[in-house]
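No value in this document is a laboratory result; all are computed from the given coordinates. In this text, all values refer to a predicted model and were calculated from it rather than measured experimentally. Every residue, glycine among them, receives a Cβ derived from its backbone with ideal geometry; neighbour counts consider all protein chains shown.
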Amino acid sequence: MAKIALVDCNNFFVSCEQLMNPSLKNRAVCVLSNNDGCVIARSAEAKEMGLPMGYPMFKARKEFKNVIYISRNFKLYHDISNRIIAKLLSYTPDVEQYSIDEAFLDLTGLKKLYRCSYEQIIEKIKYEIETEIGIPVSIGLAPTKTLAKLACETAKKDKTKNGLCYIRYQDINEILRRTCIEEIWGIGKNTAALFHKYGIYKCSEIVKQNDFWLKKIWGKRGLELKAELSGTSANPVNSRIELPKSIQKTSAFSHFTTDKEYIRNSLHYHTHQICSKLRKLGLQTEIIFVMLRTKDFRVIAEKIVLPEPSDSEFLINQYADKLFEKIYQNDIVYRSSGIFAEKLSEKAASQLFLFENEKIQKAKKLSMLWDNFEKKYGRNCFSIGTMQDPQAESKLHGQNYFS
């Protein structure tokens, strides 16, 4: 019988902000979306005040004046998420990151390795994440992913569980009898309405249905759901990283602008973020799109096919600049910019060029050097030219090493 755990960080974005600024603990705090549009994360105190998720910021500030509102910092959240995943990988290589704040672990057989029960293993994981990293988590343990998700939700809602819930195989039938189908991972309003149409309201009623009927009304997903609810894993933990088909980085400006250099530098910032990810995944791109969005939400974009696939911002920026010059108009007000990398391929499978020119060699060496600096000193420890995050108000000045 499989033992699958789901580790879910509590109020993750807010918890990250509180970790960096302890004065925010035990206070009503909300993290805002891109360009401070709406609420995307709330502390427990903010939830108790009745502030809804996704609430527009301009309304929230008027109606909930005692709440502290913070602009999102995805770099911080990703860095802390990576630390949590590294901690989980120290327990088992079978880790599937489901989202930035959730991950499934296959703990099957590990009680023999760690010489303790599965309950003690998840207790130890929770303790180490909270004490060593500083982020509170809830953990659900069960024979399947679907039941682990249910267990994790129970751990978060039931204060007596102390953030931990273990659904044992022998307890499944009783749990399903009292669990509404709406509480199950993957069942939305439309699917719930479909089951209600046939008089099915509890999870125990799903597992009683024959396979032919379930497949007829919900296809393969119906059979998988029945298996998962019954305690048989139909969706095992997948630790293999699926390589993306494209990578894109876009961001709204901190203010509407016509400033040509400001916009160009925002594109350079996006290019570096993309190239850094390409190198991390061992990929390179052959097609680059440059996108500008105007104040009235009109999108202007151009693409170019690179002479050869690349993962170096020092090379790609040259072509991105050409596209930018082609689409930029100084009499238009812009609200955001973006870079898209498409037709990705693995570097290991690409042709090796024995006689690369000096410029290309220099670009690749500088890109690798940049990665090493950021590993040692943190992201955005230095920049090229006046490259900047579009969300930043001030420019980051640095030396242009490649011209």
Provide the FRET efficiency to the nearest 0.05 for the LYS208-LYS65 pair, computing r from the beta carbons and using R0 = 56 Å. 0.60
Which angle between 0 and 90 degrees, to the nearest 10, do you get for helix 145-157 versus the longest principal axis of the chain when only C-alpha atoms count? 90 degrees
Which of VAL67, TYR269, PHE314, positive extreme of dipole for the chain (C-beta unit charges): VAL67
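Arrange SER254, SER233 by Cβ neighbour counts within 10 Å, fewest through most, would you? Working shown, then result.
Numbers: SER254 18, SER233 21.
Ranked by crowding around the Cβ, least crowded first: SER254, SER233.
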Two-site label geometry, GLU174 and GLN248: point separation in nm, points 7 Å out along Cα→Cβ: 5.0 nm
For the chain, the dipole about the Cα centre with charges only on Cβ (Lys and Arg +1, Asp and Glu -1), to the nearest 20 debye, works out at 660 debye
For ASP106, what is the net charge nearby, where nearby means another residue's Cβ is under 9 Å from its Cβ and Lys, Arg count +1, Asp, Glu -1? -1
In Hz, Karplus ³J(HN,Hα) per residue of segment 190-204 (6.51, -1.76, 1.60; θ = phi - 60°; x = Gly, Pro): 5, 5, 4, 4, 5, 5, 4, 4, 9, x, 9, 10, 10, 5, 5
With Cα coordinates, the longest principal axis of the chain makes an angle with the long axis of helix 358-377, in degrees rounded to 10, of 50 degrees
With point charges of +1 on the Cβ of Lys and Arg and -1 on the Cβ of Asp and Glu, referenced to the Cα centre of segment 91-230, which listed residue (THR179, TYR198, THR144) lies farthest in the positive direction of the dipole? TYR198
By Cβ neighbour count within 10 Å, fewest first, VAL290, VAL95 rank VAL95, VAL290
Lys pairs, segment 199-259 - Cα-Cα below 22 angstrom, 8 or more residues apart or on other chains: 9
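Using 0.36 nm per residue of separation minus the Cα-Cα distance, give me the extension gain between HIS78 and ILE287 in nm, one decimal. Intermediate values should be presented prior to the final figure.
Working: separation 209, 0.36 × 209 = 75.24 nm, distance 2.63 nm.
My answer for the length gained is 72.6 nm.
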Go ahead and run the numbers for FRET between MET53 and PHE256, Cβ-Cβ distance against an R0 of 30 Å, rounding to 0.05. 0.65
Quick one: Karplus J couplings for segment 79-86, per residue in order, coefficients 6.51, -1.76, 1.60, θ = phi - 60°, nearest Hz, x for Gly and Pro? 4, 5, 4, 4, 5, 5, 4, 4
If you find the alpha carbon centre of segment 175-210 and of segment 287-335, how far apart are they in angstrom? 48 Å
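When the helices in the chain are scored as -39500 (n - 2.57) per DSSP H run of 4 or longer and the sum is shared across all residues, what 222 nm value do you end up with, to the nearest 500 deg cm²/dmol? Write out the running numbers ahead of the final one.
Numbers: 14 runs with 163 residues, N = 403.
Result for the chain, helices only: -12500 deg cm²/dmol.
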Can you pull the semi-axes for segment 12-76, root of five times each eigenvalue of the Cα gyration tensor, sorted largest first, whole Å? 17, 14, 9
Dipole magnitude of segment 12-76 about its Cα centre (Cβ charges: Lys, Arg +1; Asp, Glu -1), debye to nearest 20: 80 debye
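Quick check: residue separation of SER117 and ALA44 times 0.36 nm, minus the Cα distance between them. What number comes out in nm? Walk me through the numbers on the way to the answer.
Details: separation 73, 0.36 × 73 = 26.28 nm, distance 3.12 nm.
Result for the pair: 23.2 nm of gain on full extension.
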Taking R0 as 22 Å, what's the FRET efficiency between ARG221 and LYS157 from their Cβ-Cβ distance, rounded to 0.05? 0.30
Ranking of GLU228, GLU342 by count of other Cβ atoms within 10 Å, fewest first: GLU342, GLU228
Among GLY163, GLY50, GLY282, the residue with the largest mean-square fluctuation in a Gaussian network model of the chain built from Cα contacts under 10 Å is GLY50
